[in-house]
Every structure is written in structure tokens, then in C-alpha cells.
Amino acid sequence: MSELPTPVASRFCYRIGSHLILLEPEMKAEVLTAQPLYPVPFAPSWCAGLISLRGDLFPVVDMHKVVQGSSSTTQQQLLLVQHFRFPPVVLTCDGYPRQIRLPDEDMTEYPAENLPGWIPHTLQHNGQTLLVADHGRLLRQIQRSTNNS
């Protein structure tokens with residue numbers, strides 16, 4: 001009898017510094033290239049500015065500031081993400097997102113110690129820790145912090 005193939009989940013992740021952050025399977029994402037970033041005076045610390053795309057303005061979330069506490073000095077990629085409960089936003093990231101294939105044995109969840117509430121748990125894959133993000137929770141936190149300012 002032959003063994004059944006191991007079920008594999010395909011997911012996308014993006015990098016912020018040394019961190020790999022998984023996108024939720026239901027999130028839509030689009031890589032943006034050559035988009036001018038317009039600074040916004042007196043913007044919240046998470047906001048890197050605005051971009052204009054297809055006639056609409058989108059806020060840009062400085063993910064280095066959110067994840068690591070300080071902005072990056074290197075050129076970053078922009079990722080337009082659409083969470084089903086929130087309007088689209090743009091996230092900064094290091095390099096383009098990539099697809100990874102996670103076999104069932106890599107789907108064991110580990111508690112997220114000393115990580116923000118929008119990272120409920122982590123996974124281990126090929127010796128790397130993947131931060132499993134709840135971008136809805138992150139966007140809700142950003143929304144609350146902006147409304148309280």
C-alpha cells in the first residue's frame with residue numbers, strides 16, 4: 001500500500017526585517033511598483049504617508065514602525081491588502097511577498113510570547129519562525145489609536 005501524500009497549504013508571507021509574516025488565506029494582496037509616497041503632516045506614527053492608485057488615496061502602514069518600533073531607512077516594497085472587514089490599505093515590506101508551501105506537520109501552532117496581540121501564534125517552517133498575523137486585529141488597533149488621537 002502506498003502512503004498518502006502529506007496535505008500541503010499554500011500561503012503567502014512578507015518580510016519585515018528578519019520577521020516573516022503570514023497573510024491570512026482569505027486576504028487579497030497586490031504588489032505595487034513605482035508608486036510615489038506622499039507624506040502627511042501630523043500623521044500617526046504608523047502612517048508612512050498616502051499613495052494615489054487608480055484615482056483613490058490609500059494610507060500606507062509603516063510595518064517597520066509597527067513590528068520593530070522604528071522606520072526602515074532602506075527602499076521598501078508596497079503591498080495593497082484588502083481585508084474583508086476593512087477598506088484597503090497599503091503595507092510596507094522588505095522585498096516582494098513569496099508563496100510558501102506548509103505541510104501539515106508545519107502547521108503546529110506555538111504560543112506567541114512577547115509579540116503584539118495581532119500575532120496570535122507562530123509556526124515553524126524549515127527552521128524559520130513564521131508570525132501568523134491577524135491583520136484584521138492590526139487594522140482595528142490602528143483604527144482605535146487613530147480615533148483616540
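Bear in mind these aren't lab numbers, they're just calculated from the coordinates by the rules spelled out. This is a predicted model, so every value here is computed, not measured. All Cβ positions, even for glycine, are placed from backbone atoms using ideal geometry, and neighbour counts span all protein chains on display.
When trypsin sites (Lys or Arg not before Pro) are flagged only if DSSP places them in a loop and at most 12 other Cβ atoms lie within 10 Å, the longest unflagged stretch of the chain comes out as 86-149.
For GluC sites (Glu not before Pro), the sites in the stretch 42-149 that DSSP calls loop and that have at most 16 other Cβ atoms within 10 Å are 109, 113. Averaging Cα coordinates gives a centre for the stretch 12-65 and one for the stretch 73-95; these two points are 3 Å apart. Sequence-distant contacts, meaning Cα pairs under 8 Å at least 6 residues apart, place the relative contact order of the chain at 27 percent.
For the stretch 125-145, the residues whose backbone nitrogen is under 16 Å from a point 7 Å from the Cα of residue 108, taken along Cα to Cβ, are 125-130.
Quote the charge dipole size of the stretch 8-147 about the Cα centre in Debye, to the nearest 20; the model charges only the Cβ of Lys and Arg (+1) and of Asp and Glu (-1). Before the final figure, lay out the partial values.
Details: 11 positive and 12 negative charges, 81 e Å.
So the dipole magnitude of the stretch 8-147 works out to roughly 400 debye.
In the chain, the C-alpha radius of gyration followed by the widest Cα-Cα span (Dmax) gives 16.5, 67 angstrom. Ranking 64, 41, 124 by Cα position along the charge dipole of the chain, where only Lys, Arg, Asp and Glu carry charges on their C-beta atoms, puts 41 farthest toward the positive end.
One decimal place: the segment residue 86-residue 98 gains 2.0 nm when fully extended, by the rule 0.36 nm per residue minus the C-alpha distance. For the chain, modelled as a GNM with alpha-carbon contacts under 10 angstrom, which of 104, 62, 134 fluctuates the most? For the chain, modelled as a Gaussian network with Cα springs under 10 Å, the answer is 104. The slack between residue 124 and residue 42, meaning 0.36 nm per residue of separation minus the straight C-alpha distance, is 25.6 nm. Proximity of backbone amide H atoms, modeled 1.01 Å from N, is registered between residue 43 and no other residue at under 5 Å, excluding neighbours fewer than 5 places apart on the same chain.
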